[in-house]
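Remarks on the structure that follows.
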Amino acid sequence: MPQRSASQWITPSGLRVGQRFQEMRKAARQWEVECFFTDSRAVRHVCLRDILDPSRRVTLACSSLMDRGRFRPLDVRLRRTF
C-alpha cells in the first residue's frame, strides 16, 4: 500500500479522512470523507461516500462541505466493546 502524505489525510480547514457529515436537506444523506485532491486550478476537493449506500460517491469543493447551510459535521463516537 503506498504511503500517503499528511495533506491527503487532513486539510488546512481541519477536514480529515473518516470525518462524517450530514446534508442539511429534508432527505438528508450522511457522508464520510474518503480522500482529498487538488485540481489543476489549485482548488481543493473532497471525495465523499454515502454511509448507508457505499456505492454512492460524490466529489465537492472543500468549501462546499464547510458551508453549514449545506452540511453539518456529525459527532461520531466509537463504542467500546469489552
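The values are calculated or read from the model by the stated rules, or taken from the named source; none is laboratory data. Everything quoted here is computed from the prediction, not taken from an experiment. Cβ placement follows ideal geometry from the backbone for every residue including glycine, while neighbour counts extend to all protein chains displayed. All accessible areas refer to the heavy atoms of the entire protein, side chains included, with ligands and DNA or RNA removed. Shrake-Rupley method; radii C 1.70, N 1.55, O 1.52, S 1.80 Å.
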Highest-first arrangement of 28-34, 63-69, 16-22, where packing means the average Cβ count within 10 Å: 28-34, 16-22, 63-69
Amide H partners (placed H, <5 Å) of residue 19, local residues excluded: 33
Charge context of residue 70, other residues only, Cβ under 14 angstrom, K/R +1, D/E -1: +3
For residue 58, solvent-accessible area (1.4 Å; no DNA, RNA or ligand), Å²: 50 Å²
Hz values of 3J(HN,Hα) by residue in the stretch 50-56 - Karplus curve (6.51, -1.76, 1.60), Gly and Pro given as x: 5, 5, 7, 9, x, 6, 8
